[in-house]
Amino acid sequence: MKTPTVQLLGVTKRIGGKTLIDKLSFEVPKGEIFGFLGPNGAGKTTTIRMMVGLMSMTEGDVLIEGKSIKREYEQAIRHVGAIVENPEFYKYLSGYRNLVHYARMVPGVTRKRILEVVRLVGLENRIHDKVKRYSLGMRQRLGVAQALLHKPSLLILDEPTNGLDPAGIRELRDYLRRLAQEGNISIIVSSHLLAEMELMCDRIGIIQNGKLVDVRSIQDFVREGEASRYIFEVDDSAKAKEALACAREAEITSEGIEVSAEREEVAEIAAALVRVGVRLYGIRRVTKSLEDKFLEMTGSDQIA
Ligand SMILES: Nc1ncnc2c1ncn2[C@@H]1O[C@H](COP(=O)(O)OP(=O)(O)OP(=O)(O)O)[C@@H](O)[C@H]1O
Ligand SMILES: [Mg+2]
């Protein structure tokens, strides 16, 4: 098996007796977009800061292309492009000048490469405007362009959709996808919004109070959502159950009968009930949405 682009090995951070990050372990293979999902204060930024060497770890290690960020910092960080919180730019310079300035600090970045990343993030038309005239979303794009200049194999973006409008989010999603596929780079994006992550990522890791509570692929999430449970409110639950008995399992509840079914089958079930003379007052889906599940996993809105 190929070495994963990045591996977290029991990453732990304690500050003043408080465990902020607790034995975090996961890895991201080549070409994957990994979503790092958790509510405010869960520890996403802290973890990312440790991954890129902006903060020391209390225990554990992070390997990037097999190199330890602790012991082989230079060799490890070379493979990383990152935006942690807000990228800083010279506001009185154009986006292009900012990239040129930055490129001077990075060996081997050509003018051609600068134009390439500008195109990649869709800033061609505005790249010669001063950054102070940029909108938040345009600054985000410039940040991504800067992070990509040295052709990293790992791109880490902390809350990249913050401040983007729906069209901006969609574009971000599209070019991250393209990057992951064509450039064969791995991408980690953090967010506190599940809905965004679902569309953008191949896999999602959920972090809560500094602990990784779940990691799974989007397909698993989706598959789980396929067969749902529905409640059919009827006048005669027993009769309804009997009518469906040979077709599927049904359970009598205080509200009616609860049936496991796929969305397409709901109409058929309703028709079957009506056919035997059961009165149908309502149909309600009871399976939890991903959003509900996420909130359940990560607790309430309370910040720990
Ligand atoms: N330097 C620090 N000293 C003490 N506590 C800290 C420090 N930095 C962060 N924390 C705490 O660590 C926890 C995780 O913070 P972090 O910024 O990593 O959360 P986050 O998941 O990025 O949240 P958000 O979605 O709000 O950005 C919080 O409880 C925060 O108060
Ligand atoms: Mg954060």
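The values are calculated or read from the model by the stated rules, or taken from the named source; none is laboratory data. This structure is a prediction, so every number in the text was calculated from the model and none was measured. Glycine gets a Cβ as well: all are built from the backbone with ideal geometry, and neighbour counts include every protein chain shown. Heads up: the accessible areas ignore ligands, DNA and RNA and are worked out on the full protein's heavy atoms, side chains in. Shrake-Rupley method; radii C 1.70, N 1.55, O 1.52, S 1.80 Å.
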Lys, Arg +1 and Asp, Glu -1 on Cβ, resulting dipole of region 10-154 about Cα centre, debye, nearest 20 = 620
Of the listed pairs Lys44/Lys130; Lys30/Lys132; Lys151/Lys211; Lys18/Lys44, which have alpha-carbon separations greater than 25 Å here?
-> Lys44/Lys130; Lys30/Lys132; Lys151/Lys211
Could you give the radius of gyration (one decimal) and Dmax (whole number) of the Cα atoms in region 1-110, in Å?
-> 15.9, 48
Over all pairs of distinct alpha carbons, what does the Kirkwood formula give as the hydrodynamic radius of the chain, in Å?
-> 21.9
Calculated from DSSP helices alone, with each H run of at least 4 adding -39500 (n - 2.57) and the total divided by the residues of the chain, [θ]222 nm to the nearest 500 comes to -10000 deg cm²/dmol
Report the FRET efficiency, 1/(1 + (r/R0)^6), for Glu59 and Leu199, where r is their Cβ-Cβ distance and R0 is 35 Å, rounded to 0.05.
-> 0.50
Enter the Cα centre distance for the pair region 1-24 and region 52-127, rounded to the nearest angstrom.
-> 22
What the Cα atoms of region 75-123 span along the principal axes, largest first and in whole Å, is 32, 27, 20
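Taking the Cα centre of region 139-266 as origin, work out the dipole magnitude from +1 charges on Lys and Arg Cβ and -1 charges on Asp and Glu Cβ, in debye rounded to 20.
In debye, rounded to 20, region 139-266 gives about 1000.
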Three-way shape call for region 165-214 based on the alpha-carbon gyration tensor, with the a/c threshold at 1.5 | oblate
Surrounding charge for Gly143, neighbours by C-beta under 12 angstrom, Lys/Arg +1, Asp/Glu -1, total -2
How large is the charge dipole for the chain, taken about the Cα centre, if only the Cβ atoms of Lys, Arg (+1) and Asp, Glu (-1) carry charge, to the nearest 20 debye?
-> 1940
Considering every pair of different Cα atoms, what Kirkwood radius, in Å, is found for region 104-247?
-> 18.5
Accessible-area composition of the chain, carbon plus sulfur, in percent [1.4 Å probe] = 48
Using the heavy atoms of the protein chains alone and a 1.4 angstrom probe, what is the accessible area of region 124-188 per residue in square angstrom?
-> 45
Specify the angular offset, from 0 to 90 degrees and rounded to the nearest 10, of the alpha carbon long axis of helix 111-120 from the longest principal axis of the alpha carbons in the chain.
-> 20
Kindly provide the pair-distance distribution of region 53-147 built from C-alpha pairs, with 5 Å bins from 0 and whole-percent values in order of increasing distance.
-> 3, 13, 21, 20, 16, 12, 10, 6, 1, 0
